[in-house]
Amino acid sequence: MRTVTADELLPLGAYEAVRDRFRARIIAHKRARRVLLGAEMSFLFEDHDTVLSQVQEMLRAERISSAAGVRDELEAYNDLVPEDGCLKGTLMIEVEDPETRERRRRELVGLDDALWLELGGHRCPGEFDALGRFEDRTAAVRYVQFRLPPAGRALLLDGAAEAALVVRHPRYEARAALNPEARRSLAEDLDPANGRSVAT
């Protein structure tokens, strides 16, 4: 999938003028791509547009306008854009109480080996970022990539094929089927027309 480039970003003043409409579109886009994994976790499938939104919001919040500053933000957030043939997203442990959240982070050590995407009979293991992995706990926010089989896009578009996120950990289990809207949105991610090789 193509990454976000500097020429796509609006200057701060121009962004302010369209921000409400832009954010409304991104919120609707994210709604289709957010999956609730039981009572304590959620997963957001990231793409070009979610990353574009995050960069624009960070530039606005930090009042960044220099070319070097913009470049740094693009470098940081473009890591969330999945590679061609893959899906990538943000896994969040959503426990409101701080003490309970810290306890759950310790209890969920080993989560890196307990999440996968089921797609048409294929099990695609989650590949977790190393930065959120600690010996005694897991980070509350983790970045995860799934490498799909060659027929991944066709399987997402095939309503008869199973598509679900699964967590199976000794201290937490959940399974969430992807709804048709999510499947269509993710299939767009895998459209060859959206690939990095096309954009370059």
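The values are calculated or read from the model by the stated rules, or taken from the named source; none is laboratory data. Not measured: the values here are computed from a predicted model. Counting neighbours? That spans all protein chains shown, and the Cβs are built from the backbone with ideal geometry, glycine included.
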- Query: Among the helices (runs of 4 or more DSSP H) confined wholly to region 44-125, which include 1 or more residues that are at pLDDT below 95, in contact with a strand residue (DSSP E or B) (Cβ under 6 Å, 6 or more places away or on another chain) and not polar (S, T, N, Q)?
  - Reply: none
- Task: Specify the residue that is nearest to GLY110 (Cα to Cα); the eligible residues are those in region 158-191 that are assigned to a loop (DSSP other than H, G, I, E, B) and in contact with a Leu (Cβ under 9 Å, 6 or more places away or on another chain).
- Result: ARG171
- Item | Conditions (1) surrounded by fewer than 15 Cβ atoms within 10 Å (Cβ to Cβ); (2) of a type in the set (A, V, I, L, M); (3) over 30 Å from GLU173 (Cβ atoms); number of the one not met by ALA39 | (3)
- Note on the structure: Here the residues within region 138-180 that are in contact with a His (Cβ under 9 Å, 6 or more places away or on another chain) and either buried (at least 19 other Cβ atoms within 10 Å of the Cβ) or without any contact (Cβ under 8 Å) to a residue 12 or more places away in the chain (or both) are LEU148, GLY152, LEU155
- Item | Residue list for region 24-45, filter: without any contact (Cβ under 8 Å) to a residue 60 or more places away in the chain and either within 25 Å of ALA193 (Cβ to Cβ) or within 17 Å of the chain's Cα centre (by Cα) (or both) | ARG25, ILE26, ILE27, ALA28, LYS30, ARG31, ARG34, SER42, LEU44
- Within region 88-103, can one find any residue that is surrounded by 16 or more Cβ atoms within 10 Å (Cβ to Cβ), under 26 Å from HIS48 (Cα atoms), of a type outside the set (Ser, Thr, Tyr) and in contact with a Gly (Cβ under 7 Å, 6 or more places away or on another chain)? no
